[in-house]
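Every read-out reported here was derived from the displayed coordinates using simple, explicitly stated rules and does not represent laboratory data. Quick caveat, the model's predicted, so the values are computed rather than measured. Glycine also receives a Cβ, built like all others from the backbone with ideal geometry; neighbour counts cover every protein chain displayed.
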Amino acid sequence: MNKQVAIIGAGIAGLEAASILDSMGFKVTLVEKAEHTGGHIQNWHQLFPDRRNATEVAQGIISKPLANVSTEFNREVTSIQPFAEKFIISAKDGWVFNADAVLITTGFELFDAKRKEEYGYGIYDHVITSAELETLFKKENGVTLRIGRTPSRIGLVHCVGSRDEKIGNIFCSKVCCVTAVKQAIELKELYPECEIYCLYMDLRMSGRHYEELYKQAQEEYSIQFIRGRLSEAAEDKSGKIIVKVEDTLLGRPLKMTMDMLVLMTGMVASAQTASICSSAGIQKDSDGFFKASDPHLYGNITGIPGIFLAGTCSGPKTISDTLSDARSAALAVQSYLSAEANN
Ligand code: SF4
């Protein structure tokens, strides 16, 4: 198979698909906008629901032997143009590349919490995101150092940037409820005296063993779950965060003082999506992610023969779903190129 496949994005979906296409004998070029592979998982400490070490999982994917795979770093792809049964891929820095098939694995970006100004992110030091909390978990005493004292009360706010008509994202990001429960447990282990509150709209714990984690959070760790949406956060003179929440179960407003507020920021489509869609003629879905030609039957296939999708570029997914999707996309690419070779 002397065919060239370009994979746009070297996160876990891109790497997994690259290793499969490589084992099938294709020439693969990974095109990555950052200066390293692995994507978001590199910033994570422990994974849900089993608290598996994220670095170990990342290494399991990154360290797979790749014989015919090259990687182009710091190349942000802006367009993919079909041309004479090939594809011309162009990056922001002027780099141009030709391939026989293209697999898009550009992943997701985290919602910019500054857009929810009323939550105080970027204004108050002790309002952080769930991704930032993970990096604090990697450092010994990270949370204490950040706050400047041992915390006595921490709130985790669900659905930041997801299920929010005001900012135009009505979809659910799927993974942040279980991430909040996992992080609440980790915080309680670090600070047994600290009160931990999850402020949620409704809990979506639909994966395997998620419900058990939720039960454990309540029964063994005394995590408190308040159903209600945060309306406002403000800082007092001592640097504590005052939050106003409408408790929708009890039907009354609540005012609480927290040492730290953690915003569970959801997934949004990568910034590359719009320009790639318009140059290649691929459809963009109403939520901003790439749209497959038939999401029920052919989730990896776009409306353009030879261009494929894998991972969270086509919507929020867990790590295991992302890897399965990447394997399925690699088979779709192989099937397309084999049919091409036989014509
Ligand atoms: S998974 Fe939970 S926190 Fe995340 S968007 Fe869905 S309901 Fe909100």
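Some notes on this structure:
- Estimated FRET transfer efficiency (Asn68, Asn43; beta-carbon r; R0 35 Å; 0.05): 0.75
- Computed on the range 192-343, with alpha-carbon pairs under 8 angstrom and 6+ residues apart, the relative contact order is 11 percent.
- Out-of-range pairs (alpha-carbon distance over 18 Å; input Lys3/Lys27; Lys182/Lys215; Lys64/Lys138; Lys174/Lys317; Lys139/Lys237; Lys138/Lys188): Lys64/Lys138; Lys139/Lys237
- Placing one equal scatterer on every Cα of the chain and applying the Debye formula, the log10 ratio I(q)/I(0) at q = 0.07, 0.09, 0.10 Å⁻¹ is -0.33, -0.53, -0.64.
- Farthest toward the positive end of the dipole of the range 113-267, out of Met267, Leu133, Cys177, is the Cα of Met267, where the dipole comes from beta carbon charges about the Cα centre.
- Other-chain or far-sequence residues with amide H under 5 Å of Ile223's (modelled H): Gln218
- A straight line joining the Cα centroids of the range 176-231 and the range 28-49 runs 26 Å.
- Per-residue 3J(HN,Hα) values for the range 91-104, derived from phi via the Karplus relation 6.51 cos²θ - 1.76 cosθ + 1.60 with θ = phi - 60°, read 10, 3, 7, x, 5, 10, 8, 10, 9, 7, 8, 10, 10, 8 Hz in sequence order (x marks Gly and Pro).
- Adding -39500 (n - 2.57) for every DSSP H run of four residues or longer, then dividing by how many residues the chain holds, sets the calculated 222 nm ellipticity at -8500 deg cm²/dmol.
- Using a cutoff of 8 angstrom between alpha carbon atoms and counting only pairs six or more residues apart, the relative contact order for the range 132-263 works out to 25 percent.
- Under 16 Å from the Cα of Lys166 - aspartates and glutamates, other chains or at least 8 residues apart: Asp112, Glu117, Glu118, Glu232, Asp287
- In terms of its C-alpha gyration tensor, the range 113-267 has a rounded overall shape, because the principal axis ratio a/c (a ≥ b ≥ c, square roots of the eigenvalues) stays below 1.5.
- Cα centre as origin, Lys/Arg/Asp/Glu Cβ charges: the range 113-267 dipole, Debye: 300
- Charge dipole (the chain, unit charges on Cβ, about Cα centre) - positive-most of Gln334, Thr37, Ile61: Thr37
- Based on Cα contacts under 8 Å between residues 6+ apart, the chain shows a relative contact order of 20 percent.
- Hits among aspartates and glutamates - C-alpha to C-alpha of Lys33 under 17 Å, sequence gap 8 or more where chains match: Glu72, Glu76, Asp93, Glu109
- Spin-label pair Thr55-Asp285: with each label point 7 Å from Cα along the Cα-Cβ axis, the two points sit 3.4 nm from one another.
- Annotation: for a label point projected 7 angstrom from Cα along Cα→Cβ of Arg229, residues of the range 167-198 with backbone N closer than 12 Å are 167-170.
- Straight-line reach from Lys240: taking Cα to Cα under 17 Å and skipping same-chain neighbours fewer than 8 places apart, the lysines in range are Lys255.
- Within the chain: Cβ-based charge dipole about Cα centre, in debye rounded to nearest 20 (Lys, Arg +1; Asp, Glu -1): 180
- As a size descriptor, the averaged projected area of the C-alpha convex hull of the range 200-240 was calculated at 4.2 nm².
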